[in-house]
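What follows is a single structure, written as structure tokens, with notes after it.
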Amino acid sequence: MSDISTPSSMDSLSMGEPRSYSWLILKKFSRHRLAALGLFVITILVASAILVDVISPYDPLRINMRWRLQPPSVAHPFGTDDLGRDQLARSMLGGRVSLSVGMLAMAVSLIVGVSIGSVAGYFGGIIDNVLMRFTDIMFMFPPIVMAMIFVTIVGQTLTALAFVIGIVSWMGLARLVRASFLSLKEEEYVLAARAIGVGNARIMLRHILPNALGTIIVAATLGITRAILLESGLSYLGLGIQVPLPSWGSMLYLAQGQLTTATWLSIVPGLLIFASVLSINFVGDGLRDAFDPRTTL
């Protein structure tokens, strides 16, 4: 009896084009126009944040009272603040701080959330109950309140702020990972691995976790936006990054005194926060659709 090829494999062979899983993910993501636009905007923001020292003609920390509160112009496209500092340069440097806090906080949240969620989902029973009740307790407290308390304890450096935001933001990710592990641990390849004596740690890391990466990547992407907003909120309250180092949130905080006389000081960082959060959300939506097996090319 001859072998029977599935339609998808026949199509792939006839086209002479190997369609790996990563190729399919990339192809579906590229079809999502808003996600592609969001990725473009984020790339511009990240590039400008990294290259601010190279591409900016002004020092973002230099005070020059002769340029004090100048409106947007050719020389200063985003205007200057009350100390004569160029707002375009400060916005790019502020992007470096805000985006760094967002990504570092996401990394902390990933470590904690994936660890707790995977252990709870895989082992179940009393371990699951204890870890999920702890997660529920953490959910009871507003993240901004917990972050304010922790920041006053550990300090207001970039690293400390990222750590605090990550510590108060892992709960939703833990629940998503737990749900994925609860489902995946009953798959046949996991049962087969257990049958031949593969250890629990190896099963979790080599067999289940890679198949849960789609959910984790999407959740992590959206977690960056929450971290940026939380950092902006803390900075707006005066509990974030301290002067002279700017962040988008601290720029809003410093602009409070000139809301009517120098509106550009608040509009620029506000628009940057809006653009970054919206763009990352678009990327998250594109990743969610790309990892969804029901989405067709």
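Values in this text are rule-based calculations from the coordinates and carry no lab data. Since this is a predicted model, take the numbers as computed values, not measurements. No Cβ is skipped: glycine too gets one built from the backbone with ideal geometry, and neighbour counts run over all protein chains shown.
Taking 0.36 nm per residue of separation and subtracting the Cα-Cα distance, what length does fully extending Leu191 through Arg133 add?
Difference between extended and current length: 18.1 nm.
Tell me which of Ser247, Leu99, Phe40 sits at the most positive position along the dipole axis of the chain, charges placed on C-beta atoms (Lys, Arg +1; Asp, Glu -1).
Ser247
Can you tell me what percent of all Cα-Cα pairs in the chain are more than 35 Å apart?
Summing the P(r) tail past 35 Å for the chain gives 34 percent.
Using a cut-off of 13 Å between beta-carbons, work out the net charge of the residues near Leu61 (Lys and Arg +1, Asp and Glu -1, Leu61 not included).
Computed value for this residue: 0.
If r is the Cβ-Cβ distance from Ile149 to Ser73 and R0 is 35 Å, what FRET efficiency results, to the nearest 0.05?
On the way: r = 43 Å, r/R0 = 1.23.
That gives a FRET efficiency of 0.20.
What is the ratio of the Cα radius of gyration of the stretch 162-212 to 2.2 N^0.38 Å, with N the residue count, to two decimals?
Rg over 2.2 N^0.38 Å, computed on Cα atoms: 1.40.
HN-Hα J couplings of the stretch 202-214 from phi, Karplus 6.51/-1.76/1.60, θ = phi - 60°, integer Hz, Gly and Pro as x?
Whole-Hz 3J(HN,Hα) from phi for the stretch 202-214: 5, 4, 5, 7, 9, 10, 8, 4, x, 7, 9, 5, x.
Report the net charge of residues surrounding Leu213, where surrounding means a beta-carbon distance below 14 angstrom and charges are Lys +1, Arg +1, Asp -1, Glu -1.
Details: positive: Arg206, Arg288; negative: Asp292.
Charge balance in the 14 Å sphere: +1.
Rounded to the nearest 500 deg cm²/dmol, what is the calculated helix-only ellipticity per residue at 222 nm for the chain, with -39500 (n - 2.57) per DSSP H run of length n ≥ 4? List each step's numbers first, then the result.
On the way: 13 runs with 196 residues, N = 297.
So the calculated ellipticity at 222 nm is -21500 deg cm²/dmol.
For a footprinting-style exposure proxy, rank Met251, Met204 by other Cβ within 10 Å, fewest first. Mind dumping the intermediate values first?
On the way: Met251 28, Met204 20.
Ranked by crowding around the Cβ, least crowded first: Met204, Met251.
In what sequence, highest mean first, do 121-134, 159-172 appear when ranked by Cβ atoms within 10 angstrom?
Highest-to-lowest ranking by the protection proxy: 159-172, 121-134.
So what is log10(I(q)/I(0)) for the stretch 222-263 at q = 0.21 1/Å, when the Debye sum runs over its Cα atoms only?
These q points yield log10 I(q)/I(0) values of -0.63.
Under a Cβ-Cβ cut-off of 14 Å, what is the net charge of the residues other than Val112 that fall near it, where Lys and Arg count +1 and Asp and Glu count -1?
Combined, the nearby Lys, Arg, Asp and Glu give +2.
Using the Karplus equation 6.51 cos²θ - 1.76 cosθ + 1.60 (θ = phi - 60°), what ³J(HN,Hα) coupling, rounded to whole Hz, does each residue of the stretch 84-92 give in order, writing x for Gly and Pro?
x, 8, 5, 6, 5, 5, 5, 5, 5
Taking the stretch 115-205, which GluC sites (Glu not before Pro) meet the DSSP loop condition and have no more than 13 other C-beta atoms within 10 Å?
Listed in order of number, the matching sites are Glu186, Glu187.
What is the stretch 65-125's relative contact order, in percent, from Cα pairs under 8 angstrom and six or more apart in sequence?
Across the stretch 65-125, relative contact order equals 19 percent.
By count of other Cβ within 10 Å, fewest leading, how are Thr261, Thr135 ordered?
Ranked by crowding around the Cβ, least crowded first: Thr261, Thr135.
Let me check against my output: what whole-number percent is the relative contact order of the chain, with C-alpha pairs under 8 Å and at least 6 apart?
Once divided by the residue count of the chain, the mean separation gives 26 percent.
List Trp23, Trp248 from most exposed to least, where exposure is judged by having the fewest other Cβ atoms within 10 Å.
Trp23, Trp248
Based only on the alpha carbon positions, what is the Kirkwood hydrodynamic radius of the stretch 160-257, in angstrom? Don't skip to the end; give the middle numbers.
Numbers: mean 1/r = 0.0622 Å⁻¹.
In the stretch 160-257 this quantity evaluates to 16.1 Å.
Along the stretch 177-190, what does the Karplus equation 6.51 cos²θ - 1.76 cosθ + 1.60 (θ = phi - 60°) give for ³J(HN,Hα), rounded to whole Hz, x for Gly and Pro?
Computed from phi, the couplings for the stretch 177-190 are 5, 4, 4, 5, 5, 4, 7, 6, 5, 9, 5, 5, 5, 6 Hz.
For the stretch 134-196, give the magnitude of the charge dipole about the Cα centre (Cβ charges: +1 Lys/Arg, -1 Asp/Glu; no others), in debye to the nearest 20. Write down the numbers at each step before the final one.
On the way: 4 positive and 4 negative charges, 21 e Å.
My answer is approximately 100 debye.
Just order 78-90, 275-287 by mean Cβ neighbour count inside 10 Å, highest at the front, would you?
78-90, 275-287
Based on alpha-carbon positions alone, could you give the equivalent ellipsoid semi-axes of the stretch 99-181 from the gyration tensor, as √(5λ), descending, whole Å?
Sorted largest first and rounded, they come to 25, 14, 8 Å.
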